[in-house]
1. Sorted by average packing, counted as other Cβ atoms within 10 angstrom per residue and highest first, what order do 73-85, 196-208, 8-20 take?
2. Going by the alpha-carbon gyration tensor, a ≥ b ≥ c the square roots of its eigenvalues, is the chain rounded (a/c under 1.5) or, if a/c is not under 1.5, prolate (a/b greater than b/c) versus oblate?
3. So for the pair residue 139, residue 15, with labels modelled 7 Å out along Cα→Cβ, what separation do we get in nm?
4. Over the chain, calculate the relative contact order: mean separation of alpha carbon pairs under 8 Å at least 6 apart, over the residue count, as a percent.
5. List the pairs from 81/270; 175/215; 5/282; 158/282; 5/303; 158/270 whose alpha-carbon separation is above 22 Å, in the order I gave them.
6. Ranked from highest to lowest mean number of other Cβ atoms within 10 Å per residue, what is the order of the peptides 157-169, 232-244?
7. At 0.36 nm per residue, minus the direct Cα-Cα distance, what do residue 73 and residue 237 gain on full extension? Give it in nm, one decimal, please.
8. For residue 306 and residue 290 in one chain, what is 0.36 nm times their gap in residues minus the Cα-Cα distance, to one decimal in nm?
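Bear in mind these aren't lab numbers, they're just calculated from the coordinates by the rules spelled out. Just so it is clear, the model here is predicted, and its values are computed rather than measured. Here the Cβ is made from the backbone with ideal geometry for all residues, glycine too, and neighbour counts use every protein chain on show.
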Amino acid sequence: MWGDKRYHTLDWELKKTFGEKVIKLSLDGGFTCPNRDGTLGTSGCIFCGEQGSGDFAGSPALPIREQICQQKEFMSAKWPKGKYLAYFQNFTNTYAPIEYLDTLYSEALAEEDIVGLAIATRPDCLPDDVIDLLEMYAQRTYLWIELGLQTINPVSAKFIRRGFDLECFERAVGKLISRGIRVVAHLIIGLPGESRSDYLDAVRYVARLGVWGVKLHLLHIQRDTDLYHVYKERPFRLLDRDEYVSIVCDALELLPPEVVIHRLTGDGNKKLLEAPTWSRDKLRVLSAVDGELRLRGSLQGQKSPST
Ligand code: SF4
């Protein structure tokens with residue numbers, strides 16, 4: 001058990017490492033993405049909203065120092081004290097000249113009580129000089145890199161317009177891990193045409209690659225995305241809560257106990273959410289996962305080949 005949870009939560013991992021609550025501050029470094037700026041495409045991934053993947057991030061118009069102050073203030077209502085982690089979440093946070101990246105990451109780390117960095121990016125935006133820079137930061141602070149794999153099914157990868165293949169993902173994960181950099185893989189559950197076996201194959205795949213953490217997202221239909229228009233024209237079946245919870249529990253059983261679970265359900269913009277509406281009640285989803293694991297008498301890693 002990890003505290004009162006049957007899976008290895010990020011909250012537990014960070015408390016164990018830093019001895020107290022660590023709060024992520026979502027920052028916007030003013031990046032774009034090759035999937036949006038015309039390098040690979042102009043429309044982005046099919047589920048990507050106007051804010052990229054960071055609906056709660058600070059404003060890119062503000063310097064990092066001010067975004068950090070604002071986010072600390074915002075978070076203090078819920079968590080009056082703790083340490084902080086600077087989370088570069090919006091768009092592709094390594095997609096810029098190396099000097100810009102270095103300045104930005106350094107500025108964030110220079111702020112009071114910032115104990116680490118979390119950087120979301122794409123595996124095709126990690127050239128060798130960026131990996132060298134990240135290795136330097138990994139030696140200097142607590143660092144993880146998030147990569148949006150989403151699916152290992154090539155048909156789905158094309159449908160979501162991901163723009164990189166599995167070989168590219170594997171190469172990036174291999175390089176990062178070999179430099180001692182923590183890697184978090186994002187996976188989506190609920191893509192049209194995919195089944196439970198697709199989702200679980202993807203979970204086995206990232207576990208085999210040795211990722212440090214996993215983020216599971218429920219497929220949301222958000223009104224500012226192309227996916228919304230596809231869904232309106234040709235509606236497809238979305239998962240109901242019980243199915244989702246059952247797939248998540250199967251996934252947790254397969255993941256080795258040391259893999260840190262960063263998220264078990266989406267955290268999209270509630271105002272823009274079209275469906276599935278049950279996902280608005282995140283606490284209910286999380287408590288259903290707890291209940292299902294309890295009922296199964298199971299824990300994360302129970303069916304992992306490594307345990
Ligand atoms: S890689 Fe991320 S930021 Fe770029 S289009 Fe896809 S979801 Fe949006």
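1. Averaged packing, sorted descending, gives the order 196-208, 8-20, 73-85.
2. rounded
3. Going from the residue 139 label point to the residue 15 one covers 3.4 nm.
4. 18
5. 81/270; 158/282; 158/270
6. Top of the packing list down: 157-169, 232-244.
7. 55.0 nm
8. My answer for the length gained is 3.5 nm.
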